[in-house]
1. Of everything in segment 15-41, what is over 16 Å from the mean Cα position of the chain (by Cα) and among the hydrophobic types (A, V, I, L, M, F, W, C)? Give them in sequence order.
2. So, in segment 128-160, how many residues would count as being acidic (Asp, Glu) and within 17 Å of Tyr171 (Cβ to Cβ)?
3. How many of the residues in segment 41-67 are small (Gly, Ala, Ser), over 21 Å from Ala116 (Cβ atoms) and surrounded by fewer than 17 Cβ atoms within 10 Å (Cβ to Cβ)?
4. What number of residues within segment 125-148 are farther than 20 Å from Asp96 by Cα and in contact with a Ser or Thr (Cβ under 6 Å, 6 or more places away or on another chain)?
5. Against the definition (over 18 Å from Val109 (Cα atoms), in contact (Cβ under 8 Å) with a residue 24 or more places away in the chain and among the hydrophobic types (A, V, I, L, M, F, W, C)), how does Ala52 come out, yes or no?
6. Within segment 121-140, work out how many residues are more than 23 Å from the chain's Cα centre (by Cα) and open to solvent by less than 50 Å² (accessible area, probe 1.4 Å).
7. Is it the case that Ala94 is over 24 Å from Val21 (Cβ atoms), open to solvent by 30 Å² or more (accessible area, probe 1.4 Å), out of contact with any Pro (no Cβ under 8 Å at 6 or more places or on another chain) and modelled with pLDDT of 95 or more?
8. Taking segment 58-99 as the search range and keeping residues that are polar (S, T, N, Q) and farther than 19 Å from Glu135 by Cα, which one is nearest to the chain's Cα centre (by Cα)?
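The values are calculated or read from the model by the stated rules, or taken from the named source; none is laboratory data. In this text, all values refer to a predicted model and were calculated from it rather than measured experimentally. With ideal geometry, Cβ positions are generated from the backbone for all residues, glycine too; neighbour counts draw on all protein chains shown. Surface areas here come from the heavy atoms of the whole protein model, side chains and all, with no ligands, DNA or RNA. Shrake-Rupley method; radii C 1.70, N 1.55, O 1.52, S 1.80 Å.
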Amino acid sequence: PATGNPESSEAPWLAIRNAIVWRKQRTLHDLDFFGESAQVGFEDDRGPDHIAIRYDLDYDVLGGASYLIAHRGTLRYRRELGTWDVGASYAIRARDFRRTTEAAFDGHVQTGELAATLHATTELDLDGRLFGSREVTEDPLFTDWTGGAQIGVRARPRDRLRLAASAATWYSLYDGLDPNGDQ
């Protein structure tokens, strides 16, 4: 069974999380929002290999009516190699917009990522990521391929101080005409 402390690398562990967001507008009640995101995940990080499996369920209500139901499955792998960590992940998210006005966006998104982290010092980490995704929607106008990269730095100059910065770039190529009308 998945038991143990997530702070310890002695045993695999199971996490269950549920987050609720509620927003009540003063005058625009069509924008009142309720969202629930439930998650269950398993992680095994004994030794240099780290494996994580996660399932997410999102349920959103907008203006008092059901707005979105989405399911996501994620698989991550990371390997420690001395001062380096390398990893890969894959996720698929299926979404079902409940209103006919958003039905064109129903579909799924598959995402893949390759990542590397250099632990330059005990106080400094440098990250690099390459990612890509395929989004398939009910309306082919919004179906696309996306690819990009991200770099980041995390610093711990003092015991209680953490600093992080990142920059990312990406490009999307639509199957049909670009939604902006460009080809």
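1. If the condition is that a residue be over 16 Å from the mean Cα position of the chain (by Cα) and among the hydrophobic types (A, V, I, L, M, F, W, C), then Ala15, Ile16, Ile20, Val21, Trp22, Leu28, Leu31, Phe33, Phe34 are the ones that fit.
2. Within segment 128-160, residues that are acidic (Asp, Glu) and within 17 Å of Tyr171 (Cβ to Cβ) number 2.
3. Residues that pass the stated criteria total 4.
4. Final tally of qualifying residues: 4.
5. In short, yes.
6. 0
7. Judged against the criteria, Ala94 is not a match.
8. Top of the filtered list is Ser66.
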